[in-house]
Amino acid sequence: METTRVRLFAAARDAAGASELLIQANTIGEILDELTDHNPAMAKVLTACSVLVDGTRTNDRSVAVGHGTTVDVLPPFAGG
């Protein structure tokens, strides 16, 4: 299993209590499971989040991740 850098923003950061985590996983699904397994607040936030793998948005939990991969978790936001 590889270690992946996961950056969390806004409500995801608040729910996780950190802006960045290093998670051992092979897929996006494993990362999302790790984020939610022990954190009900994160599970709720993730239902509205976009997930980017090296800058490309994905909904596919089978996308491979590994050493050098950056995953961003972005809740919806409004700007003006």
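Evaluating 6.51 cos²θ - 1.76 cosθ + 1.60 at θ = phi - 60° for every residue in the stretch 51-56, the Karplus couplings come out as 10, 10, 10, 6, x, 10 Hz, glycine and proline recorded as x.
In the neighborhood of ALA11, defined by Cβ-to-Cβ distances under 15 Å, what is the net charge if each Lys or Arg adds +1 and each Asp or Glu adds -1? For residues surrounding ALA11, the net value is +1. Packing-based ranking of 33-44, 63-74 yields 63-74, 33-44, ordered from highest to lowest mean Cβ neighbour count within 10 Å.
Taking Lys and Arg as +1 and Asp and Glu as -1, the other residues whose beta-carbon sits under 11 Å from that of GLN24 total -3.
Roughly speaking, to the nearest percent, how much of the chain's 1.4 Å accessible area is carbon and sulfur?
That share works out to 51 percent.
Note that the chain presents 60 Å² accessible area per residue, ligands and nucleic acids not counted, probe 1.4 Å. Working ranking of peptides 47-55, 20-28 by packing, defined as the average number of other Cβ atoms within 10 Å per residue, highest first, is 20-28, 47-55. Set against the 2.2 N^0.38 Å expectation for a compact globular protein, the chain has a Cα radius of gyration ratio of 1.00. Taking amide H positions as modeled 1.01 Å from N, with prolines and chain starts lacking one, the residues under 5 Å from THR4 and 5 or more places away or on another chain are ILE23, GLN24, ALA25. Here's how it looks for SER19: its modeled amide H is under 5 Å from none belonging to a residue 5 or more places away or on a different chain.
The values are calculated or read from the model by the stated rules, or taken from the named source; none is laboratory data. Keep in mind it's a predicted model, so treat the numbers as computed, not measured. Neighbour counts are summed over all protein chains in view; Cβ atoms, including those assigned to glycine, are modelled from backbone coordinates with ideal geometry. All accessible areas refer to the heavy atoms of the entire protein, side chains included, with ligands and DNA or RNA removed. Shrake-Rupley method; radii C 1.70, N 1.55, O 1.52, S 1.80 Å.
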